[in-house]
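Colleague: Shown below is the structure under consideration.
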Amino acid sequence: MKGFVRFLLTITLLASATTGCFTPPDYSPVPEIAFNSMDKFEVVEPFSKAKQDSVIITIEFKDGDGDLGESPSNRDDPRYGEWGNYELKTLRRTTGNQYVEFPLPGNNKLFFPILKPDGKKGPIEGRLDYSHYFPHSNNSRLTTVKFQIRVRDRALNVSNVIESDTISVHLLQ
């Protein structure tokens with residue numbers, strides 16, 4: 001019995017020591033992002049049965065006050081201006097190995113949902129995925145592209161700009 005009590009006391013002390021020492025990270029209230037990965041899959045659109053390239057871009061984020069994301073009811077807020085809270089620019093490689101912006105329909109004003117729905121201020125970090133489709137057609141050609149990405153929080157703090165790796169997708173010419 002004495003050994004069991006000693007065991008419980010040791011477990012209790014260990015549990016309180018490990019949980020009592022947690023210090024939340026000290027991130028800036030301005031979001032920081034980093035490129036993580038990019039994957040491409042060829043998929044078939046279910047209705048038309050047309051082939052398309054699906055590209056999933058994964059970024060990592062850190063935010064000191066946890067106000068990343070927006071609710072659907074606030075997405076028309078004029079404070080967001082032209083690009084919402086997620087900006088994705090597609091850059092197409094030209095014949096001189098230069099990259100020029102190639103605006104894609106549907107990428108004008110992008111939003112991602114609130115990432116900390118409890119509403120409490122505090123640091124958050126994690127990964128955010130964005131998926132984009134590039135349809136195959138007679139007018140598309142395999143083209144090397146990369147992406148520039150930035151995000152902003154509800155206080156309109158804008159993150160750093162990052163670039164993805166390059167990838168080849170079917171792009172309308």
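The values are calculated or read from the model by the stated rules, or taken from the named source; none is laboratory data. Source: prediction; values computed, not measured. Virtual Cβ from ideal backbone geometry, glycine too; neighbours counted across all protein chains shown. Surface areas here come from the heavy atoms of the whole protein model, side chains and all, with no ligands, DNA or RNA. Shrake-Rupley method; radii C 1.70, N 1.55, O 1.52, S 1.80 Å.
Colleague: Mind checking the angle between helix 2-20 and the chain's longest principal axis? C-alpha axes, 0 to 90 degrees, to the nearest 10.
Modeller: The two axes meet at around 40 degrees.
Colleague: How long are the semi-axes of the equivalent ellipsoid of the range 60-148, defined as square roots of 5 times the Cα gyration tensor eigenvalues? Whole Å, largest first.
Modeller: Working: eigenvalues 197, 46, 29 Å².
After scaling each eigenvalue by five and taking roots: 31, 15, 12 Å.
Colleague: Please report, largest first and rounded to whole Å, the three semi-axes of the ellipsoid equivalent to the range 14-104, where each semi-axis is the square root of five times an eigenvalue of the C-alpha gyration tensor.
Modeller: 36, 20, 18
Colleague: Which residue fluctuates most in the GNM of the chain (Cα springs below 10 Å): Ala34, Ala50, Ala155?
Modeller: Ala50
Colleague: Can you compute the charge dipole magnitude of the chain about its Cα centre, using +1 on each Lys and Arg Cβ and -1 on each Asp and Glu Cβ, nothing else charged? Give it in debye, rounded to the nearest 20.
Modeller: Computed about the Cα centre, the dipole is about 320 debye.
Colleague: With θ set to phi - 60° and the Karplus curve 6.51 cos²θ - 1.76 cosθ + 1.60, what are the ³J(HN,Hα) couplings of the range 45-50 in order, to the nearest whole Hz, using x for Gly and Pro?
Modeller: Result, ordered by residue: 5, x, 8, 8, 6, 7 Hz.
Colleague: Take peptides 51-64, 82-95, 118-131 and line them up by average Cβ neighbours within 10 Å, highest first, as a rough protection proxy.
Modeller: 51-64, 82-95, 118-131
Colleague: What's the carbon and sulfur percent of the chain's accessible surface, probe 1.4 angstrom, rounded to a whole number?
Modeller: Carbon and sulfur atoms account for 55 percent of the accessible area of the chain.
Colleague: What list of ³J(HN,Hα) couplings, whole Hz, do you get for the range 99-109 from phi and the Karplus terms 6.51, -1.76, 1.60, once you set θ to phi - 60° and write x for glycine and proline?
Modeller: Each residue's phi maps through the Karplus curve to give 10, 10, 5, 10, x, 10, x, x, 9, 5, 9 Hz.
Colleague: Counting Lys and Arg as +1 and Asp and Glu as -1, what is the net charge of the other residues whose Cβ lies under 15 Å from the Cβ of Val145?
Modeller: +1
Colleague: Could you provide, to the nearest whole Å², the per residue accessible area of the chain with probe 1.4 Å?
Modeller: 62 Å²
Colleague: For the range 117-170, count all C-alpha to C-alpha pairs, find those more than 12 Å apart, and express that count as a whole percent of the total.
Modeller: Distances greater than 12 Å cover 79 percent of the Cα pairs.
Colleague: Additional query: Using a Debye calculation, one point per C-alpha and no hydration shell, please list log10 I(q)/I(0) for the chain at q = 0.10, 0.17 Å⁻¹ in order.
Modeller: -0.52, -1.08
Colleague: Mind listing the phi-derived Karplus ³J(HN,Hα) values for the range 76-91, rounded to whole Hz, using 6.51, -1.76 and 1.60 with θ = phi - 60°, and x for any glycine or proline?
Modeller: Once rounded to whole Hz, the list reads 8, 4, x, 4, 6, x, 7, 10, x, 10, 9, 10, 10, 10, 9, 10.
Colleague: Okay, helix-only estimate at 222 nm for the chain: each DSSP H run of n ≥ 4 adds -39500 (n - 2.57), divide by all residues, round to 500 deg cm²/dmol; what do you get? Before the final figure, lay out the partial values.
Modeller: Details: 1 runs with 19 residues, N = 173.
Result for the chain: -4000 deg cm²/dmol, rounded to the nearest 500.
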